[in-house]
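Working notes for the structure below.
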Amino acid sequence: MIIAPSLLAADFTRLSREVKRTGASGAEWLHLDIMDGHFVPNISFGPALVGALRPLTKLFFDVHLMCSQPEILLEPFAAAGADEMIVHVELGTQVDSLIWKIRKLGKKVGLAVNPPTAITEVQPYLDKIDLLLVMTVNPGFGGQEFIHETLPKIQQAEAWRRERKLPYRISVDGGINNQTAAECARAGADTFVAGTSLFDARSLKAAVAKMRKIVNASDPALADLAV
Ligand code: DX5
Ligand code: ZN
């Protein structure tokens, strides 16, 4: 189980402190939301900021590209220190070449699917990716409410993974708190992106530990062992 705090919910006036705090929190990954004002109706930050944060931490940088033209950003983000780059399946015919380019840059490959998009859209790519990101809100903003209708998509992704013996992680992103993280873990998720619920907590470290405990307890694989 991996917990990935999302920098979007951190205090932007003290990013260096926030990144160091995340590194000391027990979380393994830092989720970095890149918004281009076109694929989503918001703008966040770019490769220069990611590169400036890179020397501050050993956290795995999970870069989520909510962008219409990610191909122009892959090299800059790779150079800035991304460990994984996630592109959206909604980009259609571009997806195959994007996956290939990320791989060629030596980075992990993620594929994201928005709530209104059918999960079957990701099926052709499942043997080519390291992570499937099931969006549990419509991307663009932090602090939105979890969309429960996305849970069957997680179950389907987990069923395909089991049937085809594939190694991809199943990540969830948007409206993740202790309650919704548990529901996602029961459905088969193993990677939990959370912004507001973790950064709003009085202690980030305690919040990460609590979420980890809850998702571990909800993991069907571990529950089987306990029987
Ligand atoms: C949504 C982003 C998320 C966002 C999640 O567009 O992709 O990563 O930071 O934020 P919360 O956890 O506040 O819903
Ligand atoms: Zn994200």
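The numbers here are math on the coordinates, done by the rules we state, and not lab data. Computed from a predicted model, the values in this text were never measured in an experiment. Cβ placement follows ideal geometry from the backbone for every residue including glycine, while neighbour counts extend to all protein chains displayed.
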Handout entry: Square roots of 5 times each gyration tensor eigenvalue, C-alpha, the range 168-214, largest first, Å
Key = 18, 10, 9
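How much net charge surrounds ARG21 when only other residues with a Cβ under 15 Å from its Cβ are counted (Lys, Arg +1; Asp, Glu -1)? The partial results should precede the final answer.
On the way: positive: ARG14, ARG17, LYS20, LYS58, ARG202, LYS205; negative: ASP11, GLU18, GLU28, ASP200.
Within the 15 Å Cβ shell, the charges total +2.
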Fill in the blank from the handout: To the nearest 0.05, the calculated FRET efficiency linking ASP130 and LEU15 through their beta-carbon distance, R0 being 22 Å, is 0.25
Handout entry: Segment GLU75-PHE60, length gained on full extension (0.36 nm per residue, minus Cα span)
Key = 3.7 nm
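Please give me the summed charge of the neighbours of GLU145: other residues whose Cβ is under 14 Å from its Cβ, Lys and Arg +1, Asp and Glu -1. Intermediate values should be presented prior to the final figure.
Details: positive: none; negative: GLU149, ASP173, GLU183.
Taking every other residue near GLU145 into account, the sum is -3.
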Exercise for the section: Could you pull the Cα extents of the chain along its three principal axes, largest to smallest, in whole Å? Expected result: 49, 43, 30
Handout entry: Furthest towards positive pole of dipole, ILE147, LEU166, THR180, structure part the range 138-227, Cβ charges
Key = LEU166
Completion exercise
With R₀ set to 30 angstrom, the calculated FRET efficiency between the beta-carbons of GLU149 and ASN42, to the nearest 0.05, is 0.85
Exercise for the section: Using the Karplus curve 6.51 cos²θ - 1.76 cosθ + 1.60 with θ = phi - 60°, work out ³J(HN,Hα) for each residue of the range 155-170 in order, rounded to whole Hz, and write x for Gly and Pro. Expected result: 4, 5, 4, 6, 5, 4, 4, 5, 4, 9, 6, 9, x, 5, 7, 10
